[in-house]
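Written out below as structure tokens is the structure these notes cover.
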Amino acid sequence: IHVRTYEQYCKVLLITSAFFEMGEFDTQLLKAIESGNPIPVGTDYQQGERYQTETLRNAVFARGDHTCQVCGRSFHENAILHVHHVGYLKHDHSNRMGNLLTVCEQCHTPANHKRGGKLYDLKPKIKDFKGATFMTAVRRQINDAVCAMEENSAVVHITYGAMTKAKRHQYHIAKSHTNDACVMGEFRPKHRSQEVILQKKRRNDRCLQKFYDAQYIDTRDGEKKSGQQLSNGRTKRGVYTENLRVYRGRKVSKGHVNIRRERKTVKPGSTVRYEGEELKVKCLHANQKSGPFIEFMTPASNGRKTSPFSKVEVVSISYNTGWSIKPASA
């Protein structure tokens with residue numbers, strides 16, 4: 001995306017000099033600083049977190065002293081230990097040590113993975129360094145791609161993070177992406193223009209496939225619950241927690257997969273007229289019983305924050321171009 005963005009600038013601007021920060025990152029050093037551990041030196045780079053352990057699983061258990069990090073039960077109390085991906089619900093499925101946690105079979109249940117459960121709000125203490133690792137691997141390819149670009153008539157300079165930091169200290173300015181970009185180059189005007197942030201956004205609002213779980217009557221309280229809520233408690237092959245499947249009563253609805261191909265009528269940022277007042281759309285919700293309804297960015301004059309779609313008139317539709325531009329101070 002960096003190469004494509006620079007290519008678009010070259011098509012509309014005459015650029016004579018370009019600076020790219022493509023430093024090589026020491027991820028083990030960054031990880032030590034992030035976690036507060038001693039700075040690695042010498043053999044520390046060969047003797048990492050999994051040193052003298054046969055498997056990743058054993059390394060995670062040894063780090064946690066073979067004790068559940070949620071309730072404190074250990075294998076001495078006949079606890080069955082599991083490896084839990086802390087950031088799984090936040091779309092971090094990596095097997096790095098910072099994303100793994102030792103938990104017991106009583107805590108590692110489907111119920112605790114849901115909102116309000118013991119495992120739901122947990123977050124990795126150390127962030128991943130995928131961006132730094134990726135830049136270290138492809139920095140040479142990015143440089144070659146920029147220099148070989150037909151639209152590029154500029155002299156390309158390569159700089160490093162240490163040089164940027166030294167210049168930032170020289171000019172006594174705070175750390176930020178825009179300040180880094182300012183000190184990297186040679187032209188530093190006294191009065192800088194308004195800083196803006198360009199953020200890539202999803203163009204489409206469709207959900208092509210969605211699974212709807214089967215619904216059962218819970219024989220204990222008569223409430224309607226999903227098949228996952230009344231599961232057999234299996235977490236992996238041969239490992240089970242409490243079996244709630246025995247409480248499944250009459251099946252109310254069958255599980256099915258719904259293919260949704262339609263697009264929403266209005267987009268976020270569109271303008272609609274509601275009771276003679278023009279309001280901006282925050283999002284459009286679907287309701288199987290009452291139909292679609294619109295949520296406004298600011299409440300209407302009568303205090304309402306939402307309205308059925310049938311009661312509004314579409315004034316203009318804001319289409320997502322793929323980029324979001326907003327002031328840096330916002």
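Of note:
- I294 vs. criteria modelled with pLDDT under 80 and assigned to a strand (DSSP E or B): no
- If the condition is being in contact with a helix residue (DSSP H, G or I) (Cβ under 6 Å, 6 or more places away or on another chain) and within 21 Å of Q8 (Cα to Cα), then the stretch 150-203 contributes E151, N152, V156, M184, E195.
- Filter pass, G98 being under 20 Å from the mean Cα position of the chain (by Cα), closer than 22 Å to D26 by Cα and without any contact (Cβ under 8 Å) to a residue 24 or more places away in the chain: no
For (1) modelled with pLDDT of 85 or more; (2) in contact with a Gly (Cβ under 9 Å, 6 or more places away or on another chain); (3) under 30 Å from F25 (Cβ atoms), each residue gets a yes or a no:
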{"residue": "K167", "(1), (2), (3)": "yes, no, yes"}
{"residue": "H172", "(1), (2), (3)": "yes, no, yes"}
{"residue": "D180", "(1), (2), (3)": "yes, yes, yes"}
{"residue": "D205", "(1), (2), (3)": "no, no, no"}
{"residue": "Y212", "(1), (2), (3)": "yes, yes, no"}
{"residue": "T219", "(1), (2), (3)": "yes, yes, no"}
{"residue": "K224", "(1), (2), (3)": "yes, no, no"}
{"residue": "G227", "(1), (2), (3)": "yes, yes, no"}
{"residue": "T241", "(1), (2), (3)": "no, yes, no"}
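- Residue selected from the stretch 252-301 under the condition among the acidic types (D, E) and within 26 Å of the chain's Cα centre (by Cα), by the criterion farthest from A214 (Cα to Cα): E295
- First in the stretch 22-47 and in contact (Cβ under 8 Å) with a residue 24 or more places away in the chain and closer than 30 Å to Q141 by Cα, second anywhere and open to solvent by 70 Å² or more (accessible area, probe 1.4 Å) and among the polar types (S, T, N, Q), Cβ under 7 Å, 6 or more apart: T27/T133
- Matching residues, the stretch 152-175, being hydroxyl-bearing (S, T, Y) and open to solvent by 40 Å² or more (accessible area, probe 1.4 Å): S153, Y160, Y171
- Among residues of the stretch 79-116, those that are in contact with a helix residue (DSSP H, G or I) (Cβ under 7 Å, 6 or more places away or on another chain) and either within 20 Å of F61 (Cβ to Cβ) or modelled with pLDDT of 90 or more (or both), counted: 9
- In the stretch 120-151, the residues that are within 17 Å of the chain's Cα centre (by Cα), open to solvent by less than 80 Å² (accessible area, probe 1.4 Å), farther than 17 Å from A32 by Cβ and at pLDDT 85 or above: Y120, L122
The values are calculated or read from the model by the stated rules, or taken from the named source; none is laboratory data. Note that the structure is predicted; figures quoted are calculated from it, not measured. Here the Cβ is made from the backbone with ideal geometry for all residues, glycine too, and neighbour counts use every protein chain on show. We work out accessible area using only protein heavy atoms, side chains counted, and drop any ligands, DNA or RNA first. Shrake-Rupley method; radii C 1.70, N 1.55, O 1.52, S 1.80 Å.
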